[in-house]
Amino acid sequence: MSEKLVFDAPEIMIDRPTHYCPGCHHGVAHRLVGEVLTEMGLVDDTLCVGSIGCSVFIYNYLDVDAVEAPHGRAPAVATGLKRAHKDKFVFTYQGDGDLASIGLAEIVHAANRGEKISVVFVNNTVYGMTGGQMAPTTLVGQKATTCPDGRCAEEHGQAIRMSEIIGGLGGTAYCERVSLDSVKNIRRAKKALRKAFEMQVNGTGFGFVEMLSACPTNWKMDPIAANTRIKEEMIPYFPLGVFKDVTKDGEE
Amino acid sequence: MSEKKRIFIKGNEAISRGALAAGCTCYFGYPITPQNDIPEFLSTEMAAVNNGEFVQAESEVAAANMLLGAAAGGARAMTTSSSPGVSLMQEAISYMAGSELPGVIVNVNRGGPGLGDIGSSQGDYFQSTRGGGHGDYRTLVLAPGTCQEGYDMMIEAFDLAFKYRNPVLVLADAIVGQMKEPVTPWEPKAADNHGAEDWCIDGAKGREKRLLKSLFLEDGALAGQNRNLQSKYEAMQAEARADVFECDDAELVVVAFGSIGRIVKSTVRRLRSEGKKVGLVRPLTLYPFPSEVLRDLAKQGKRFLTIEQNCGQMVDDVRLSVRGIADSEFHGHMPGDLPGSDDFLAPIIKHLED
Ligand SMILES: Cc1ncc(C[n+]2csc(CCOP(=O)(O)OP(=O)(O)O)c2C)c(N)n1
Ligand code: SF4
Ligand SMILES: [Mg+2]
């Protein structure tokens with residue numbers, strides 16, 4: 001009786017044990033999506049397009065209608081779904097292997113067409129679900145199971161910067177890169193999500209939010225070291241900021 | 001006779017108009033010969049006639065996944081392509097079958113393997129009737145042999161897709177797609193989506209959330225889903241149909257589908273006029289295959305000759321249909337060469353006299 005609830009999850013978050021590893025940022029990203037959908041009053045109008053990766057189970061955590069897309073194809077599935085239901089809120093939730101490798105064509109063309117959908121892009125620089133292989137976003141020097149000596153620029157190329165690509169497309173309405181490594185950055189991430197989601201709701205167009213995220217398991221780090229890695233290694237290569245905002249005069 | 005107005009159009013246009021009559025509201029596709037008339041026609045007519053959506057996708061991979069998305073939303077949606085493009089769609093078709101999503105995929109079959117040619121072929125019979133992608137699944141397959149059937153079968157395809165919550169393939173070919181014939185357009189009764197509003201995703205207002213997926217990881221879940229799919233495929237067998245022509249007193253029954261079935265029909269007519277006892281079974285559904293029709297004929301002691309424009313694919317299904325009672329000979333007309341009705345005289349006469 002004397003207990004006082006001081007912090008709670010919005011109703012959209014399903015209360016169940018998580019399957020994510022300790023320190024994984026997918027849970028944080030899910031929560032931000034849930035909070036923004038709730039605050040914008042979108043829960044009953046939301047159609048979630050899941051992808052293939054550790055977050056394939058997003059439907060276990062968010063109490064909204066959902067469909068599972070093949071690996072990389074979520075933006076195409078979302079295109080079909082949004083065209084069929086123009087008055088609903090459609091978003092995809094994708095990892096970096098999913099979006100920046102196998103699904104590169106789908107994300108670029110959905111953005112370029114200006115599909116009125118929102119994309120949550122969780123970049124943890126690794127193929128998490130399949131056990132830590134090199135991703136298109138793996139940093140030069142970073143070790144992964146398919147480049148145990150570290151990514152080599154000459155042999156493997158360099159990490160792809162997706163927000164720079166998406167921000168440069170004519171159809172993109174909003175594009176921002178944020179990070180989930182600190183409270184301050186998580187607050188900023190929520191604002192970015194809200195901005196991108198609003199662009200869909202008011203019919204402006206395609207919204208894209210890249211979240212630099214931790215995969216402590218495959219980085220072989222504890223959660224605190226993983227946060228430090230985001231700050232010291234990822235942010236310098238993947239600069240945070242707004243890459244496109246059509247509601248502002250002139251593009252950044 | 002009907003006073004309905006006939007129009008003189010290509011098969012590809014008949015397929016497009018049939019889709020519009022069926023109430024299709026979403027089209028996704030990528031250019032490939034010999035089906036380009038379809039997206040070209042629908043790029044304006046989809047919006048004009050059905051107030052629908054037309055998207056030229058970045059690839060057939062994307063087109064099929066757009067179809068998956070629209071289907072998840074409960075829309076009457078379709079994509080069209082030709083052989084190499086349909087190969088690219090197989091992953092999405094497998095996901096649709098696994099997630100039980102309805103959608104119509106038209107394949108205007110061209111020559112293969114590889115880039116093949118842009119002429120007519122029936123080389124995609126196996127891909128169409130054996131699922132085509134990964135996993136144990138089937139799609140219903142309709143095979144038009146005339147432009148009118150192209151129109152009619154689109155209406156049927158959408159109805160079957162929703163009736164069974166399953167992808168439906170319309171396997172046409174370059175001959176059907178490119179030839180012009182008189183077609184009598186007709187409007188079906190209001191589209192019946194067989195309760196799609198009870199499973200589609202359209203926002204969970206006032207109801208439990210819904211989930212459309214093909215991943216089944218819990219113990220026993222995938223086995224259960226596979227059993228569920230298999231019993232659905234069993235129920236689909238009731239849809240098997242064939243055009244049975246001059247078979248009553250025939251000694252030799254030719255089995256041929258699509259445009260080749262149509263051409264062989266001319267050959268059979270000519271041989272009949274010469275008193276030869278030959279008939280034709282032209283399967284209209286390739287999956288389910290009209291096995292009962294063939295088995296009944298086998299029981300009457302008939303012999304069989306399967307003719308296809310490929311190197312021998314449907315003949316396997318004919319043999320399976322009559323197994324234990326009869327067998328089927330095979331005559332293959334190579335893809336890459338356009339056949340006429342004369343081309344089939346010699347093989348039919350040879351097997352009649354055997
Ligand atoms: C067509 C296909 N190829 C490969 C796979 C195997 N696969 C599953 S998840 C995954 C990578 C996921 O990595 P990412 O998108 O970065 O997500 P994360 O798990 O890191 O969040 C791969 C390659 C698949 N499911 N389908
Ligand atoms: S493997 Fe990585 S991305 Fe996947 S749940 Fe664990 S920490 Fe998260
Ligand atoms: Mg990843």
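Quick notes on this structure:
- Computed over segment A:112-252: relative contact order in percent, which uses C-alpha pairs under 8 Å that are six or more apart: 29
- Legend: mean number of C-beta atoms from other chains within 10 angstrom of residue C-beta atoms, peptide B:211-218, equals 4.
- Residue-count net charge about B:R303 - beta-carbon cut-off 9 Å; Lys, Arg +1, Asp, Glu -1: -3
- Restraint check, A:K82/B:K213; B:K277/B:K299; A:K4/A:K190; A:K88/B:K205; A:K248/B:K205, Cα-Cα greater than 23 Å: A:K4/A:K190; A:K248/B:K205
- Long-range HN-HN contacts of B:D243 with modeled amide H, under 5 Å: B:R282, B:L284
- Residues A:M234, B:M236 in ascending order of nearby Cβ atoms (within 10 Å, fewest first): B:M236, A:M234.
- Estimated 222 nm signal from helices in the protein assembly as shown, with DSSP H stretches of n ≥ 4 weighted -39500 (n - 2.57), rounded to 500: -10500 deg cm²/dmol
- Springs between Cα atoms under 10 Å define the GNM used for chain B, and in it the highest mean-square fluctuation of B:N107, B:N36, B:N228 occurs at B:N228.
- FRET efficiency, B:H134 to B:T184 (Cβ-Cβ, R0 41 Å, nearest 0.05): 0.50
- Of A:G167, A:G132, A:G41, the residue with the greatest mean-square motion in the GNM of chain A, using alpha carbon springs below 10 Å, is A:G41.
- Dimensions in Å of segment B:243-353 - Rg and Dmax from alpha carbons: 12.6, 36
- For the pair segment B:28-43 / segment A:93-109, the C-alpha centres are spaced 26 Å from each other.
- Computed FRET value (nearest 0.05) for A:V201 with A:D15, which takes r as the C-beta separation and R₀ as 30 Å: 0.65
- Along segment A:176-188 the Karplus relation, 6.51 cos²θ - 1.76 cosθ + 1.60 evaluated at θ = phi - 60°, assigns HN-Hα couplings of 9, 10, 10, 9, 10, 8, 8, 4, 4, 5, 5, 4, 5 Hz to successive residues, with x for each Gly and Pro.
- Dipole size of segment B:243-353 about its Cα centre, with +1 on Lys/Arg Cβ and -1 on Asp/Glu Cβ: approximately 180 debye, rounded to the nearest 20.
- Unit Cα scatterers, Debye sum, segment B:179-287: log10 I(q)/I(0) for q = 0.17, 0.22 Å⁻¹: -1.00, -1.21
- Take the Cα of A:M40, step 7 Å toward its Cβ, do the same at A:Y237, and the gap between the two points is 3.1 nm.
- Length-normalised contact order for segment B:243-353 - Cα pairs under 8 Å, 6+ apart - percent: 29
- Potential lengthening between B:D249 and B:A235 on full extension [0.36 nm per residue; Cα-Cα distance subtracted]: 1.8 nm
- From phi via Karplus (6.51, -1.76, 1.60), per-residue ³J(HN,Hα) for segment A:210-217 in Hz, x at Gly/Pro: 8, 10, 5, 9, 9, 10, x, 4
- Separation of the A:S2 and B:N228 label points, Cα + 7 Å toward Cβ, nm: 5.0
- For the protein assembly as shown, the spread of Cα positions along each principal axis, largest first, Å: 95, 55, 54
- If R0 is 30 Å, the Cβ-Cβ spacing of B:D198 and A:I102 corresponds to a FRET efficiency of close to 0.35.
- Charge dipole (Cα centre; +1 on Lys/Arg Cβ, -1 on Asp/Glu Cβ; no other charges) of the protein assembly as shown amounts to roughly 420 debye.
- P(r), alpha carbons of segment A:130-252 - 5 Å bins starting at zero, rounded %: 2, 11, 18, 20, 18, 13, 10, 6, 2, 0
- Under 17 Å from the B:K5 label point (7 Å along Cα→beta-carbon), backbone N, segment B:159-184: B:182-184
- Reported value for chain A: 131 Å³ per residue, from the convex hull of its C-alpha atoms.
- Dipole of segment B:90-157 computed with +1 at Lys/Arg Cβ and -1 at Asp/Glu Cβ about the Cα centre; of B:Q127, B:P102, B:L142, farthest Cα towards the positive end is B:Q127.
- Among B:Q90, B:Q122, B:Q300, residue whose mean-square fluctuation peaks in a GNM of chain B (springs only between Cα atoms under 10 Å): B:Q300
Quick note: the coordinates plus some simple rules give every number you see, no bench work behind them. Since the model is a prediction, treat every value here as computed from it, not as a measurement. As a convention, Cβ positions derive from the backbone with ideal geometry for all residues, glycine included, and neighbour counts pool all protein chains shown.
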